Every structure is written in C-alpha cells, then in structure tokens.
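What follows is a short report on a single structure.
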Amino acid sequence: MKLFTTIIASAVATHYSSSSSSSSSSSSSSSSSSSSSFYDGECGGRITDTETIIYSPGFDRGMYYDWLNCVWDIDFGNIPGFNIVANTFDVEEHYVCGWDFVKVEANGDEFHFCGEAARRRRSSKNKEDEDGKTFYDLVNPSNDGFPDFFVSGGQATITFFTDETVKHAGFEFSFERMSRLQIIEMHLNRIFDSYNGDEDYFPRYQKRMTKILNKMKRSETDDSCYAENGFEAEAEDIQVFDADDMCKLNGQVNAAINSWARNWACEGRGRVHRQIIRAARKVRNFYNDNLC
C-alpha cells in the first residue's frame with residue numbers, strides 16, 4: 001500500500017456557538033451560515049514531500065470554519081515542476097472569489113479560486129448582494145472550482161481564507177511531480193487544444209509534432225546523457241511558457257525540446273538528440289510561417 005504523508009490541518013480561528021446550530025444540520029448540508037462551536041488551533045505549515053496531502057480545517061466534519069487564514073509554504077527543491085490536484089474542492093462561490101478563497105502564489109503570480117466545478121451557481125448579481133457582506137476584489141479570480149494547477153519549479157504558497165459566514169465542505173489537495181518531458185507534452189497539448197478547425201495547416205503541424213514527441217519518449221532512459229551527446233554540462237531547463245500567445249509558446253516549447261534532447265535523448269539509432277532538435281526546428285518554423 002502506498003503511504004502518504006498526511007497533514008490534517010486544524011484552524012487558526014475563533015468560533016462562537018449558536019443556539020440554532022445542531023449536529024444534524026451541520027452534517028446534512030455542505031453549506032451553513034451558523035457557527036458550530038469555539039475552536040482554536042493551528043493550520044498551514046511547510047511542505048517538502050510531494051506525497052503530502054493537505055485538507056482544509058474541518059474537512060473531516062464536512063464543513064470548514066470561519067475566520068481562517070491558513071498558509072502552506074511548499075518547497076519541493078530543484079524539480080522541473082508539479083501539479084496541485086484538487087481531489088475535492090467546494091469553497092463558497094462569489095463572482096470574484098471575494099468571500100472565501102484559496103490563493104496560489106508561484107513564480108511571481110497569484111491566483112484565487114472558489115466555487116465548485118459541478119455546482120450550478122447563482123447569478124453574480126444575486127451573490128454580490130447576499131447579506132450585504134463585504135467582499136474583496138482579488139487578482140486572477142476563478143469561481144468555478146479548482147482545476148489541476150501546474151507550477152513551474154518546486155516552490156509555491158497556498159493560502160486558505162474564510163470570512164465570518166457560510167461554510168462549505170472545503171478541499172483535499174495532493175501533489176503530482178512532473179518530469180521535463182511531461183511538462184513539454186502538457187504545453188504542446190495547449191497548442192493542440194487551441195485549434196479551432198479554421199487553419200488548414202494545423203493538422204499537419206500536430207501530426208509532425210506528435211511524431212517528434214513519440215520519438216522523445218522512446219529515447220528517454222531516465223538518466224542524463226549530456227556527456228555522451230557531446231556537451232560539457234547539462235542544458236538549463238526552459239521554465240517560461242506563455243499563457244495566451246500560441247506563437248510565442250511554440251517557440252518556447254521548441255527551446256524546451258532542444259534543452260531536453262541534449263540532456264535526455266539517450267536511446268535510439270544514431271545521434272538521436274540531433275535528430276529531435278532538427279525535426280523540432282523544422283516544425284517550429286512550419287508553425288511560424290503558416291499559423292502566426
């Protein structure tokens with residue numbers, strides 16, 4: 001059985017009991033505006049193991065607490081990147097995530113998440129006026145749950161903030177370490193997914209790039225072979241990938257393939273790393289000439 005390091009987070013919070021609350025109401029509903037009991041504990045911490053699982057405080061009882069401000073500092077060391085995976089995510093929805101939210105900070109950017117992907121939400125106007133509550137205007141809000149979130153490199157910070165009313169089930173996060181080749185494939189899929197059927201050249205680009213990717217997978221041995229490939233040192237990883245411009249992303253993916261091939265294209269007939277680099281350069285130029 002695979003063992004996971006599990007952090008059961010308790011909350012830095014103050015709860016005052018309510019005469020109207022009961023154990024039945026808190027267990028039968030994923031959302032509640034009543035308080036349950038006084039609570040005072042700790043949450044957050046430092047995470048250095050990718051097999052760690054973190055929970056929102058109160059996840060085991062089916063409802064998180066009010067007035068939480070939990071911070072998890074993640075440091076997985078010098079790795080290419082990792083995914084934050086929401087196995088469960090249900091945080092009070094607001095059109096700019098201004099009430100309860102999960103914030104992810106990584107590589108100088110921050111993103112805010114709330115809501116639940118499968119839940120039918122009320123209109124933004126109605127939510128804004130609910131109970132006259134104060135809300136915060138946040139950077140990069142996403143109110144339809146938490147998608148798998150990719151972090152380039154090994155460092156990030158997760159913050160969980162809640163206000164004084166309305167509680168939902170919360171979240172369970174796990175982490176997935178990604179290899180250099182998996183990261184390249186992920187960004188290639190972003191380019192593939194951008195195809196809207198209008199460009200005649202795109203299927204040819206996708207077919208050629210998929211062929212290169214398959215050759216890369218066949219050549220990988222999990223051991224670096226930069227010396228055997230004729231280089232004095234490992235090429236640096238490419239960690240900057242554009243979020244919106246597919247033409248820029250195509251060039252960045254090509255640079256990442258070149259770096260990867262010099263270090264990791266070890267298995268195959270002939271100078272495999274050169275074959276991959278040359279083929280990828282041709283496909284990059286094909287994209288630039290016909291699709292940019």
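Per-structure values
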read-out	value
Cα-Cα P(r), segment 243-289, percent of pairs per 5 Å interval	5, 23, 27, 20, 14, 8, 3, 1
nm² value of the averaged projected area, convex hull over the Cα atoms of segment 213-262	4.0 nm²
Burial ranking of peptide ranges 191-203, 150-162 (average Cβ count within 10 Å, highest at the top)	150-162, 191-203
DSSP-assigned coil residues among GluC sites (Glu not before Pro) in segment 202-241, each with at most 12 further Cβ atoms within 10 Å	GLU228, GLU232, GLU236
Value in Å of the Kirkwood radius, where segment 165-292 supplies the Cα pairs that are averaged	16.0 Å
Segment 168-292 - accessible surface per residue (Å², probe 1.4 Å)	56 Å²
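The values are calculated or read from the model by the stated rules, or taken from the named source; none is laboratory data. Note that the coordinates shown come from a computational prediction; the quantities given were computed from them, not determined experimentally. All Cβ positions, even for glycine, are placed from backbone atoms using ideal geometry, and neighbour counts span all protein chains on display. In case anyone asks, the SASA skips ligands and DNA or RNA and just uses the protein heavy atoms, side chains included. Shrake-Rupley method; radii C 1.70, N 1.55, O 1.52, S 1.80 Å.
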